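Before any comments, here is the structure.
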(Lines give C-alpha, C1' and ligand atoms only; values in the text may rest on other atoms or scores of the structure.)
Protein backbone atom coordinates (compact mmCIF):
# COMPACT_ATOMS: atom_id res chain seq x y z
CA UNK A 1 0.00 0.00 0.00
CA UNK A 2 1.32 3.45 -0.88
CA UNK A 3 0.87 6.85 0.77
CA UNK A 4 -0.17 9.57 -1.66
CA UNK A 5 1.38 13.01 -1.35
CA UNK A 6 1.25 16.21 -3.34
CA UNK A 7 4.12 16.85 -5.77
CA UNK A 8 6.95 18.50 -3.82
CA UNK A 9 7.54 22.22 -3.96
CA UNK A 10 10.76 24.07 -3.18
CA UNK A 11 11.11 26.56 -0.35
CA UNK A 12 13.91 28.94 -1.45
CA UNK A 13 14.88 29.63 2.16
CA UNK A 14 15.11 25.92 2.99
CA UNK A 15 17.05 25.28 -0.21
CA UNK A 16 19.53 27.99 0.70
CA UNK A 17 20.23 26.17 3.96
CA UNK A 18 20.42 22.72 2.40
CA UNK A 19 24.10 21.71 2.20
CA UNK A 20 23.35 19.68 -0.93
CA UNK A 21 21.94 22.73 -2.70
CA UNK A 22 24.83 24.90 -1.52
CA UNK A 23 27.43 22.40 -2.77
CA UNK A 24 25.65 21.98 -6.10
CA UNK A 25 25.40 25.75 -6.54
CA UNK A 26 29.17 25.93 -6.01
CA UNK A 27 29.68 23.28 -8.70
CA UNK A 28 27.54 25.31 -11.11
CA UNK A 29 29.58 28.42 -10.30
CA UNK A 30 32.79 26.53 -11.09
CA UNK A 31 31.36 25.23 -14.37
CA UNK A 32 30.15 28.72 -15.30
CA UNK A 33 33.67 30.05 -14.68
CA UNK A 34 35.17 27.33 -16.87
CA UNK A 35 32.83 28.33 -19.71
CA UNK A 36 33.19 32.09 -19.26
CA UNK A 37 34.65 34.00 -22.25
CA UNK A 38 38.01 34.13 -20.45
CA UNK A 39 37.60 30.64 -19.03
CA UNK A 40 39.43 27.38 -19.66
CA UNK A 41 40.38 26.89 -23.35
CA UNK A 42 39.70 23.15 -23.15
CA UNK A 43 36.24 23.56 -21.64
CA UNK A 44 35.37 26.35 -24.06
CA UNK A 45 36.08 24.18 -27.11
CA UNK A 46 33.89 21.28 -25.94
CA UNK A 47 30.57 20.40 -27.59
CA UNK A 48 27.76 18.03 -26.65
CA UNK A 49 29.26 15.45 -29.00
CA UNK A 50 32.79 15.79 -27.68
CA UNK A 51 31.64 15.50 -24.06
CA UNK A 52 29.39 12.47 -24.63
CA UNK A 53 32.25 9.92 -24.33
CA UNK A 54 33.33 11.53 -21.05
CA UNK A 55 29.84 11.01 -19.64
CA UNK A 56 30.01 7.30 -20.50
CA UNK A 57 33.54 6.96 -19.10
CA UNK A 58 32.72 8.70 -15.82
CA UNK A 59 29.55 6.61 -15.40
CA UNK A 60 31.56 3.40 -15.87
CA UNK A 61 34.15 4.57 -13.35
CA UNK A 62 31.36 5.24 -10.85
CA UNK A 63 29.94 1.75 -11.42
CA UNK A 64 33.37 0.19 -10.88
CA UNK A 65 33.86 2.10 -7.62
CA UNK A 66 30.44 0.97 -6.40
CA UNK A 67 31.08 -2.66 -7.27
CA UNK A 68 34.46 -2.60 -5.52
CA UNK A 69 32.87 -1.13 -2.41
CA UNK A 70 35.12 1.96 -2.36
CA UNK A 71 32.84 4.57 -0.79
CA UNK A 72 35.24 7.52 -0.98
CA UNK A 73 36.02 6.73 -4.61
CA UNK A 74 32.31 6.29 -5.33
CA UNK A 75 31.61 9.78 -3.99
CA UNK A 76 34.44 11.16 -6.13
CA UNK A 77 33.22 9.41 -9.28
CA UNK A 78 29.63 10.52 -8.69
CA UNK A 79 30.99 14.05 -8.48
CA UNK A 80 32.69 13.56 -11.84
CA UNK A 81 29.36 12.46 -13.34
CA UNK A 82 27.65 15.54 -11.89
CA UNK A 83 30.37 17.75 -13.34
CA UNK A 84 29.98 16.31 -16.83
CA UNK A 85 26.19 16.70 -16.69
CA UNK A 86 26.51 20.29 -15.49
CA UNK A 87 29.02 21.04 -18.25
CA UNK A 88 26.83 19.43 -20.91
CA UNK A 89 23.89 21.58 -19.84
CA UNK A 90 26.03 24.73 -19.80
CA UNK A 91 27.30 23.95 -23.31
CA UNK A 92 23.70 23.59 -24.49
CA UNK A 93 22.75 26.81 -22.67
CA UNK A 94 25.51 28.71 -24.45
CA UNK A 95 24.14 27.41 -27.76
CA UNK A 96 20.59 28.50 -26.87
CA UNK A 97 19.32 24.91 -26.81
CA UNK A 98 18.45 24.03 -23.19
CA UNK A 99 19.92 24.52 -19.74
CA UNK A 100 20.23 22.67 -16.45
CA UNK A 101 16.94 24.13 -15.22
CA UNK A 102 15.10 22.61 -18.20
CA UNK A 103 16.81 19.25 -17.67
CA UNK A 104 16.06 19.24 -13.93
CA UNK A 105 12.46 20.37 -14.43
CA UNK A 106 11.91 17.72 -17.08
CA UNK A 107 13.16 14.82 -14.97
CA UNK A 108 11.18 16.07 -11.94
CA UNK A 109 7.97 16.10 -13.96
CA UNK A 110 8.76 12.67 -15.38
CA UNK A 111 9.38 11.18 -11.94
CA UNK A 112 6.12 12.61 -10.61
CA UNK A 113 4.22 11.32 -13.65
CA UNK A 114 5.73 7.84 -13.37
CA UNK A 115 5.06 7.51 -9.63
CA UNK A 116 1.26 7.76 -9.53
CA UNK A 117 1.30 5.56 -6.41
CA UNK A 118 2.96 8.49 -4.60
CA UNK A 119 1.57 11.52 -6.41
CA UNK A 120 -1.72 10.15 -7.77
CA UNK A 121 -4.53 7.74 -7.00
CA UNK A 122 -2.85 4.46 -8.00
CA UNK A 123 -2.25 1.90 -5.26
CA UNK A 124 0.56 -0.67 -5.33
CA UNK A 125 1.59 -3.46 -2.99
CA UNK A 126 4.95 -4.45 -4.41
CA UNK A 127 8.01 -3.25 -6.29
CA UNK A 128 6.96 -5.44 -9.23
CA UNK A 129 3.73 -3.46 -9.57
CA UNK A 130 5.73 -0.23 -9.55
CA UNK A 131 7.83 -1.52 -12.46
CA UNK A 132 4.74 -2.66 -14.39
CA UNK A 133 3.10 0.75 -13.94
CA UNK A 134 6.34 2.49 -14.93
CA UNK A 135 6.59 0.53 -18.18
CA UNK A 136 2.91 1.08 -18.97
CA UNK A 137 3.26 4.83 -18.45
CA UNK A 138 6.40 4.91 -20.64
CA UNK A 139 4.51 3.06 -23.38
CA UNK A 140 1.72 5.65 -23.33
CA UNK A 141 4.29 8.46 -23.42
CA UNK A 142 5.94 6.96 -26.49
CA UNK A 143 2.58 6.53 -28.21
CA UNK A 144 1.69 10.17 -27.52
CA UNK A 145 5.01 11.24 -29.03
CA UNK A 146 4.44 8.85 -31.95
CA UNK A 147 7.61 7.01 -31.02
CA UNK A 148 8.25 3.26 -31.04
CA UNK A 149 5.56 1.88 -28.72
CA UNK A 150 6.73 -1.74 -28.67
CA UNK A 151 6.88 -3.37 -25.24
CA UNK A 152 10.64 -3.69 -25.67
CA UNK A 153 11.25 -0.14 -26.93
CA UNK A 154 13.29 2.42 -25.07
CA UNK A 155 16.50 0.45 -24.43
CA UNK A 156 19.48 2.49 -25.72
CA UNK A 157 21.34 0.71 -28.50
CA UNK A 158 24.64 2.09 -27.16
CA UNK A 159 24.39 0.13 -23.90
CA UNK A 160 26.95 -2.64 -23.40
CA UNK A 161 25.56 -5.73 -25.12
CA UNK A 162 24.97 -7.84 -22.00
CA UNK A 163 23.34 -4.94 -20.20
CA UNK A 164 21.10 -4.26 -23.18
CA UNK A 165 20.18 -7.96 -23.39
CA UNK A 166 19.25 -7.87 -19.70
CA UNK A 167 17.05 -4.80 -20.19
CA UNK A 168 15.36 -6.10 -23.35
CA UNK A 169 14.76 -9.47 -21.69
CA UNK A 170 13.27 -7.78 -18.66
CA UNK A 171 10.87 -5.76 -20.80
CA UNK A 172 9.83 -8.88 -22.72
CA UNK A 173 9.19 -10.73 -19.47
CA UNK A 174 7.19 -7.81 -18.05
CA UNK A 175 5.08 -7.81 -21.22
CA UNK A 176 4.18 -11.49 -20.64
CA UNK A 177 6.62 -13.17 -23.06
CA UNK A 178 8.25 -15.46 -20.55
CA UNK A 179 8.97 -18.98 -19.43
CA UNK A 180 7.03 -20.32 -16.46
CA UNK A 181 10.23 -20.33 -14.39
CA UNK A 182 14.04 -20.17 -14.80
CA UNK A 183 14.14 -23.82 -15.87
CA UNK A 184 12.67 -22.81 -19.21
CA UNK A 185 15.42 -20.23 -19.70
CA UNK A 186 18.04 -22.82 -18.74
CA UNK A 187 16.61 -25.29 -21.28
CA UNK A 188 16.74 -22.57 -23.95
CA UNK A 189 20.41 -21.94 -23.17
CA UNK A 190 21.14 -25.66 -23.58
CA UNK A 191 19.21 -25.66 -26.85
CA UNK A 192 21.29 -22.76 -28.18
CA UNK A 193 24.50 -24.49 -27.05
CA UNK A 194 23.45 -27.55 -29.01
CA UNK A 195 22.86 -25.48 -32.13
CA UNK A 196 26.30 -23.90 -31.71
CA UNK A 197 27.91 -27.34 -31.49
CA UNK A 198 26.19 -28.35 -34.73
CA UNK A 199 27.41 -25.18 -36.45
CA UNK A 200 30.98 -25.82 -35.25
CA UNK A 201 31.00 -29.18 -37.03
CA UNK A 202 31.43 -27.29 -40.31
CA UNK A 203 34.63 -25.46 -39.31
CA UNK A 204 38.20 -26.44 -38.47
CA UNK A 205 38.72 -26.27 -34.70
CA UNK A 206 42.31 -27.53 -34.78
CA UNK A 207 43.53 -23.93 -35.09
CA UNK A 208 42.35 -20.53 -33.88
CA UNK A 209 40.19 -18.37 -36.09
CA UNK A 210 38.28 -21.02 -38.09
CA UNK A 211 40.90 -21.03 -40.90
CA UNK A 212 39.52 -21.75 -44.34
CA UNK A 213 35.92 -21.66 -43.17
CA UNK A 214 33.33 -20.77 -45.78
CA UNK A 215 31.63 -17.41 -45.34
CA UNK A 216 28.32 -19.13 -44.67
CA UNK A 217 29.83 -21.46 -42.06
CA UNK A 218 31.54 -18.60 -40.22
CA UNK A 219 28.34 -16.54 -40.27
CA UNK A 220 26.39 -19.46 -38.84
CA UNK A 221 28.89 -19.93 -35.99
CA UNK A 222 28.71 -16.19 -35.19
CA UNK A 223 24.91 -16.35 -35.28
CA UNK A 224 24.68 -19.34 -32.95
CA UNK A 225 27.36 -18.06 -30.57
CA UNK A 226 25.46 -14.77 -30.34
CA UNK A 227 22.30 -16.71 -29.49
CA UNK A 228 24.17 -18.55 -26.72
CA UNK A 229 25.35 -15.29 -25.19
CA UNK A 230 21.86 -13.82 -25.44
CA UNK A 231 20.27 -16.91 -23.87
CA UNK A 232 22.80 -16.75 -21.02
CA UNK A 233 21.93 -13.10 -20.41
CA UNK A 234 18.22 -13.94 -20.42
CA UNK A 235 18.82 -16.76 -17.92
CA UNK A 236 20.58 -14.25 -15.67
CA UNK A 237 17.48 -12.06 -15.90
CA UNK A 238 15.27 -14.95 -14.73
CA UNK A 239 17.63 -15.55 -11.83
CA UNK A 240 17.51 -11.84 -10.92
CA UNK A 241 21.25 -11.54 -11.60
CA UNK A 242 22.86 -8.64 -13.49
CA UNK A 243 24.62 -10.29 -16.44
CA UNK A 244 26.83 -7.25 -17.05
CA UNK A 245 27.95 -7.07 -13.42
CA UNK A 246 28.71 -10.77 -13.02
CA UNK A 247 30.64 -10.77 -16.31
CA UNK A 248 32.75 -7.86 -15.07
CA UNK A 249 33.34 -9.78 -11.84
CA UNK A 250 34.34 -12.87 -13.82
CA UNK A 251 36.82 -10.81 -15.85
CA UNK A 252 38.28 -9.36 -12.63
CA UNK A 253 38.68 -12.89 -11.25
CA UNK A 254 40.41 -13.93 -14.46
CA UNK A 255 42.75 -10.95 -14.27
CA UNK A 256 43.66 -11.73 -10.66
CA UNK A 257 44.32 -15.39 -11.37
CA UNK A 258 46.29 -14.58 -14.52
CA UNK A 259 48.53 -12.12 -12.71
CA UNK A 260 49.09 -14.61 -9.87
CA UNK A 261 49.94 -17.30 -12.42
CA UNK A 262 52.42 -14.98 -14.16
CA UNK A 263 54.15 -14.21 -10.88
CA UNK A 264 54.41 -17.84 -9.79
CA UNK A 265 55.83 -19.22 -13.05
CA UNK A 266 59.26 -17.73 -12.54
CA UNK A 267 59.89 -17.79 -16.30
CA UNK A 268 58.41 -15.93 -19.27
CA UNK A 269 55.09 -17.45 -20.27
CA UNK A 270 56.41 -18.32 -23.71
CA UNK A 271 58.93 -20.62 -22.01
CA UNK A 272 56.38 -22.39 -19.81
CA UNK A 273 54.44 -25.48 -20.86
CA UNK A 274 50.66 -25.47 -20.87
CA UNK A 275 50.66 -28.05 -18.06
CA UNK A 276 52.84 -25.81 -15.92
CA UNK A 277 50.65 -22.80 -16.61
CA UNK A 278 47.48 -24.73 -15.78
CA UNK A 279 49.00 -25.97 -12.53
CA UNK A 280 49.90 -22.40 -11.62
CA UNK A 281 46.38 -21.32 -12.60
CA UNK A 282 44.78 -23.92 -10.35
CA UNK A 283 47.06 -22.89 -7.50
CA UNK A 284 46.00 -19.26 -7.95
CA UNK A 285 42.36 -20.30 -8.06
CA UNK A 286 42.71 -22.37 -4.87
CA UNK A 287 44.49 -19.51 -3.11
CA UNK A 288 41.70 -17.18 -4.14
CA UNK A 289 39.05 -19.50 -2.68
CA UNK A 290 41.06 -19.89 0.50
CA UNK A 291 41.20 -16.11 0.93
CA UNK A 292 37.46 -15.70 0.39
CA UNK A 293 35.37 -15.05 3.52
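Quick rundown of the values:
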quantity	calculated
Checklist (1) within 25 Å of residue 233 (Cα to Cα); (2) outside any loop (DSSP other than H, G, I, E, B) applied to residue 141, failing item	(1)
Options 234, 254; residue that is touching a helix residue (DSSP H, G or I) at 6+ places or on another chain (Cβ under 6 Å) and not in a loop (DSSP other than H, G, I, E, B)	234
Meets criteria (farther than 23 Å from residue 94 by Cα and surrounded by 10 or more Cβ atoms within 10 Å (Cβ to Cβ)) for residue 15	yes
Conditions (1) surrounded by 13 or more Cβ atoms within 10 Å (Cβ to Cβ); (2) in the same structural domain as residue 283 (by TED's automatic domain parsing); number of the one not met by residue 221	(2)
Candidate set: segment 1-34, residues that are part of a loop (DSSP other than H, G, I, E, B) and touching a helix residue (DSSP H, G or I) at 6+ places or on another chain (Cβ under 8 Å); chosen: the one modelled with the highest pLDDT	7
Filter pass, residue 269 being at pLDDT below 95, surrounded by 17 or more Cβ atoms within 10 Å (Cβ to Cβ) and farther than 20 Å from residue 163 by Cβ	no
Subset tally (residues that are closer than 24 Å to residue 63 by Cα and part of a loop (DSSP other than H, G, I, E, B)) for segment 144-169	7
Pairs with Cβ under 7 Å, 6+ apart, first in segment 261-275 and within 18 Å of residue 285 (Cα to Cα), second modelled with pLDDT of 90 or more and not in a helix (DSSP H, G or I)	265/272
For residue 66: the one exception among (1) in a loop (DSSP other than H, G, I, E, B); (2) under 19 Å from the mean Cα position of the chain (by Cα)	(1)
The lone exception for residue 118 - which of (1) surrounded by 13 or more Cβ atoms within 10 Å (Cβ to Cβ); (2) part of a helix (DSSP H, G or I); (3) assigned by TED's automatic domain parsing to the domain that holds residue 34 it fails	(3)
Filtered residues of segment 90-104 (kept if assigned to a helix (DSSP H, G or I) and under 17 Å from residue 46 (Cα atoms))	90, 91, 92, 93, 94, 100
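The values are calculated or read from the model by the stated rules, or taken from the named source; none is laboratory data. Because the structure is predicted, anything quoted here is derived from the model rather than measured. Glycine also receives a Cβ, built like all others from the backbone with ideal geometry; neighbour counts cover every protein chain displayed.
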